[in-house]
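The values are calculated or read from the model by the stated rules, or taken from the named source; none is laboratory data. As the structure is a computational prediction, the values presented were derived from the model and not from experiment. Neighbour counts are summed over all protein chains in view; Cβ atoms, including those assigned to glycine, are modelled from backbone coordinates with ideal geometry.
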Amino acid sequence: MSASVSPVSLIATNPGISAYESVGSVRTASGSASSGSSDTVTISAQAYRKQIESQIESERASTTNSWTSLFGLESGTTTLENGNTQVVTIDGAKMEIREYAGGVLVRKETGQIAADRVTKDIEEYDGTVALTQKTHVELTGIDDTSSTETMATLRRDVTWYEGGQVVRELHDGMRVEAAYKKLSDLENLSGMEAKTLEDMISCLTLDTTHADYTASIIEYSGGKVSQTANVRQGVDSTNVTNRSDRRVSGMDGHTSRVVSQADSLSIDLVNYDASGEVLREASFTDEVEQGGTLKQSMSVSWYDQGNLVRASQGSLTMEASEGGALPRRATLFEVLEISEKKYSADKPLAAGELLAAGFQETAGDGGAFVDDAADDMAVGGYDVAGNLAATRSMDNPYEVSFASQTYRDGELVAASRDTEEVRKNLLLKSGGFQTGKGLTEDEFPAMLRSSSHEELSYEDGVVSAQGQVSMREFVQKDDRGVYGLYTHYKGEAGVGVNAESLSGTRTGSLEDLDSDADAATSGMGDEVGLVLDDSRELFRRLAS
């Protein structure tokens, strides 16, 4: 559809211009408040029409360039890698893309640019006339490409269909905040004066970027809700970027180096049975500050016909160490679906440009913003407790706590709690050692273990039986002045006056004494593993 501009609108934006089409000319007059005089200019109607047409073409070219410059789109017909034919039509602020397979429409996109906003609607078909997926996308914040601090958002509503019925809904969004400073070199990160992003072209820059993704997912089975999920993923990244073509301060041209990065992921799942009753509620959180600390928490509750039957909670904290880095998490480039080279362009990219970089690919891909997390889940990157239980690694200091409760007819009947800790050996002295192996004379372990276990039984809400034991490794000198590894234990069983206790010290490691030394990591790992498996499968379905 072509754009149009009326003479009235043109006059409204240019006070003092009057149109007199009836006499074949255009007369313009402007009055002076101070002198009371007026100047009159007469131009031909033909020239006036050319002026209007020029303004229309200017506006059309501006929006066409936006579709082209921001998203790389140009009108024309191309053959895609899958053999389908794609027809792109750009008309001013409007865009349409049609994709055909064997002459049959399988995908249609329509879009429009207005002010700082881009909207797009996508429909996908199964090769007939049946709609399989419908997407509405809005990208805001694309107008400001010069400020040193910018913010932009992307919002999507996606619906999947099977046999004409809704089977899945996704309502998600990405918010990006970007701030840049000009640097002289890597030794001084305080920043130099730069009022616009243009002032930083081909410079070394200090980049501070925050990306926050949120999603609400609903799945249906037989017309009823079968699962809901709420997902939140964030990354805070500080980078130094060389935006020039030459090597600067040890950095190659158009590369970016991470100074600091913090990542977070939270998932809340609710499953429903065929009757619509809650079957399971589960939550998982993961926070990682690279080079610092990893924190995880989880909780799961199982129900039978709406009644709580089992619940569990777990938490894990791990520190980075010289012997082991923290698990890898998605980088800023991966979260935003942008290459390092494109990110490191001559001019820093404003927030809207960062989101626009992958807009054409991500707009219709429901799993675009969670596929990297799904990949990390597939290789066990988030199941830290499960990995610790399997490997008994002592490369990093960590603490784990796992608790569970069992219910019958709504009443608590049993509870348990297990803990594990691996801590640095503060007596460690210089010299060789092998982590996790038994001590010989004057050899030191790098880490020391602790564990505890507690079990409780209830009758009518009152503790009827209980038992607990804790163990802790330590290093001390023996009578010969030689250091050795020992484990101290302390326990208690029974209730009230019938309670009995014991304590003592044994030579050797904790695992030689505690057959359930991995109870906390195993328990938390089992529950987290199920939540991550379900989340990964859900994310996979978003990409289908």
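Structure notes:
- Residue in region 491-529 that is surrounded by the most Cβ atoms within 10 Å (Cβ to Cβ), counting only those that are β-branched (Val, Ile, Thr) and outside any helix (DSSP H, G or I): 495
Here's the yes/no breakdown for (1) farther than 17 Å from residue 67 by Cα; (2) in contact with a Lys or Arg (Cβ under 8 Å, 6 or more places away or on another chain); (3) of a type in the set (Asp, Glu); (4) at pLDDT 95 or above:
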position	(1), (2), (3), (4)
86	no, yes, no, yes
127	yes, no, no, no
132	yes, no, no, yes
148	yes, yes, no, yes
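- With respect to the conditions (1) among the charged types (D, E, K, R); (2) under 29 Å from residue 410 (Cα atoms); (3) modelled with pLDDT under 95, residue 442 falls short on a single one, namely (2).
- Just one of (1) surrounded by fewer than 18 Cβ atoms within 10 Å (Cβ to Cβ); (2) under 26 Å from the mean Cα position of the chain (by Cα) fails for residue 115. It is (2).
- Residue count, region 443-455 (criterion: of a type outside the set (Ser, Thr, Tyr), part of a strand (DSSP E or B) and surrounded by 18 or more Cβ atoms within 10 Å (Cβ to Cβ)): 4
- Scanning region 221-229 for residues that are surrounded by 17 or more Cβ atoms within 10 Å (Cβ to Cβ), under 16 Å from the mean Cα position of the chain (by Cα) and at pLDDT 95 or above turns up at least one hit.
- Which listed residue, of 197, 206, 170, is touching a strand residue (DSSP E or B) at 6+ places or on another chain (Cβ under 6 Å) and touching a residue at least 60 places away in the same chain (Cβ under 8 Å): 170
- Looking only at residues of region 456-483 that are β-branched (Val, Ile, Thr) and in contact (Cβ under 8 Å) with a residue 12 or more places away in the chain, we find that the one that is surrounded by the most Cβ atoms within 10 Å (Cβ to Cβ) is 469.
- Residue match in region 280-289 (condition: β-branched (Val, Ile, Thr), crowded, with 16+ Cβ neighbours inside 10 Å and outside any strand (DSSP E or B)): no
- Flag for residue 512 being of a type in the set (D, E, K, R), modelled with pLDDT of 90 or more and within 30 Å of residue 385 (Cα to Cα): yes
- Selection from region 247-272 of residues that are in contact with a Leu (Cβ under 6 Å, 6 or more places away or on another chain), surrounded by 15 or more Cβ atoms within 10 Å (Cβ to Cβ) and either modelled with pLDDT under 95 or more than 21 Å from residue 530 (Cα to Cα) (or both): 248
- The set of residues in region 223-278 being more than 26 Å from residue 172 (Cβ to Cβ) and of a type in the set (Asp, Glu) consists of 245, 252, 273, 277.
- Yes/no for residue 198 being charged (D, E, K, R) and part of a strand (DSSP E or B): no
- Residues of region 530-544 satisfying the condition of being among the polar types (S, T, N, Q) and in a helix (DSSP H, G or I): 535
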